[in-house]
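Take a look at this one; I'll ask things after.
The values are calculated or read from the model by the stated rules, or taken from the named source; none is laboratory data. As the structure is a prediction and not an experimental result, all values here were calculated from the model. Neighbour counts are summed over all protein chains in view; Cβ atoms, including those assigned to glycine, are modelled from backbone coordinates with ideal geometry.
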């Protein structure tokens, strides 16, 4: 389905909900004519870091809404990225499908590796941010809350690491008295133990 940008008269103040889950700057790679004019315009001005016209009203509204609710610091960058990109997508600024985002992921990974080879910390930080931003878009296309997905992974890591800790304690050992090989074996045990419990 070809994405077409539609004119919207919605008040940006009312269009945003802080708890809404957004999209990254996107591309329609199928052909040039299918790209909304405003998207092409934004690309040409990208070097000047100028926001696309349809976001100029939304972004200030977003800042004001967060400021009024006193939740600006409570909103993680991950959630904020999701909110912004989702809004941009609704305004027609998006990739045509998931495949386009995955290609962008490959592109950003290549640029990240280049930054690593240059050992330029500022460039590495920038490219890492771009990489995370693309991952947020992938989660949006899959209708998965990135904050929730990451939280579940953190919880999974904590469970497995706790298993390592308790297993070593039963052996009368501390982390400093163990080694990577032993801890890795316990990590695999924790994974198998979880799978076994899931089957019960």
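Give the number of residues within the range 119-149 that are in a helix (DSSP H, G or I) and either in contact with a helix residue (DSSP H, G or I) (Cβ under 8 Å, 6 or more places away or on another chain) or at positive phi (or both). Walk me through how you get there before you give the answer.
So in the range 119-149, the residues in a helix (DSSP H, G or I) come out as 121-141, 146-149.
Subsequent filtering for residues that are either in contact with a helix residue (DSSP H, G or I) (Cβ under 8 Å, 6 or more places away or on another chain) or at positive phi (or both) retains 123-124, 126-128, 130-141, 146-147, 149.
Here the count works out to 20.
Within the range 168-190, take every residue that is exposed (fewer than 14 other Cβ atoms within 10 Å of the Cβ) and in contact with a helix residue (DSSP H, G or I) (Cβ under 7 Å, 6 or more places away or on another chain) and give me the one that is farthest from residue 80 (Cα to Cα).
Residue satisfying both the conditions and the ranking: 174.
Specify which of the listed residues (155, 108, 165) is under 27 Å from the mean Cα position of the chain (by Cα), assigned to a helix (DSSP H, G or I) and surrounded by 11 or more Cβ atoms within 10 Å (Cβ to Cβ).
None of the other options fit; the residue is 108.
A further question follows. Kindly indicate which of 64, 113, 70 is more than 22 Å from residue 150 (Cα to Cα), out of contact with any helix residue (DSSP H, G or I) (no Cβ under 6 Å at 6 or more places or on another chain) and modelled with pLDDT of 95 or more.
The unique qualifying residue is 113.
Exactly one condition in (1) farther than 19 Å from residue 76 by Cβ; (2) not in a helix (DSSP H, G or I) is not met by residue 103; state its number.
(2)
Then there's this: Answer with yes or no whether residue 197 is assigned to a helix (DSSP H, G or I) and at pLDDT 95 or above.
no
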